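Working notes, structure below.
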Amino acid sequence: MDNAHRAAWDALDEAQRGRVLARLAQASATRAMADRDLYASNTTLEPTVEVYGARRVGETLIVDYLFSWWEWCPAQSGSDWNYHCVYRGTATLVGERYKLEQNEVEAVRRDYVHEYDEKNYDRDAVLAEVRKRLMGSSG
C-alpha cells in the first residue's frame with residue numbers, strides 16, 4: 001500500500017485495525033462459503049484478507065481490500081484439482097465500532113490448478129499481480 005492509499009489505515013491504532021479486519025474476515029468467509037465450488041471438499045473457509053487502500057469520509061471509513069481462499073476438489077477417479085479464488089471488496093464501515101454498513105464484492109480471479117501443477121503455483125505472486133493491477137486502477 002503506498003502512502004496515498006494508506007493514510008486512513010495508518011491513522012487507526014492496532015485495536016481499530018483488528019476490529020476492521022475481523023469485520024472483513026467475517027464477511028469474506030460468508031462470501032467464500034456461498035461461492036465455493038459444488039465439488040470442493042476442503043475449503044479454506046477463513047479467507048486471507050488484505051487491506052490495500054482506505055479513506056475517510058467524515059465518520060465513515062471506506063476500505064478497499066482483497067480476500068482469497070483455496071479450494072480442493074477431489075476426483076472420484078482421475079486427478080484432483082484446486083481453485084484459487086481471489087476477490088476484491090470495498091467496505092463502508094461506520095462509527096467507532098466499525099459497523100459494516102455496505103460491502104461491495106466482486107471476483108477478480110479464479111484459477112484452476114491441477115493437482116500436478118500445485119507445487120509450481122505461486123499464490124503470493126498471484127495476489128501481488130492482482131494487488132498491483134487494482135492499485136494502478138484506483139489512483
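Please go through segment 74-88 and pick out each residue that is over 24 Å from Gly53 (Cβ atoms) and either buried (at least 21 other Cβ atoms within 10 Å of the Cβ) or in contact (Cβ under 8 Å) with a residue 12 or more places away in the chain (or both). Explain how you work it out, then say what you get.
Filtering segment 74-88 for residues over 24 Å from Gly53 (Cβ atoms) gives 74-83.
Listed by number, the residues that qualify are Pro74, Ser79, Asp80, Trp81, Asn82, Tyr83.
Per-residue answers, yes or no, for (1) surrounded by 15 or more Cβ atoms within 10 Å (Cβ to Cβ); (2) modelled with pLDDT under 95; (3) under 23 Å from Glu14 (Cα atoms):
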residue	(1), (2), (3)
Asp37	yes, yes, no
Trp69	yes, yes, no
Trp72	yes, yes, no
Thr90	yes, no, yes
Tyr98	yes, yes, yes
Gln102	no, yes, yes
Met135	yes, yes, no
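Consider segment 6-29. How many of its residues are farther than 13 Å from Arg56 by Cβ and either loosely packed, with under 14 Cβ neighbours inside 10 Å or of a type outside the set (Gly, Ala, Ser) (or both)?
Keep residues of segment 6-29 that are farther than 13 Å from Arg56 by Cβ, which gives 13-15, 17-19, 21-29.
Still in the running and either loosely packed, with under 14 Cβ neighbours inside 10 Å or of a type outside the set (Gly, Ala, Ser) (or both): 13-15, 17-19, 21-24, 26.
Number satisfying all stated conditions: 11.
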Item to check | Close pairs (8 angstrom Cβ cut-off, 6 or more residues apart or separate chains): farther than 22 Å from Leu21 by Cα in segment 97-119, outside any strand (DSSP E or B) anywhere | outcome: Asp111/Tyr121; Asp111/Val126; Val113/Tyr121; His114/Ser79; Glu115/Ser79; Glu115/Asp80; Tyr116/Ser79
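The values are calculated or read from the model by the stated rules, or taken from the named source; none is laboratory data. Computed from a predicted model, the values in this text were never measured in an experiment. When we count neighbours, we look across all protein chains shown, and the Cβ atoms used for this are built from the backbone with ideal geometry, even at glycine.
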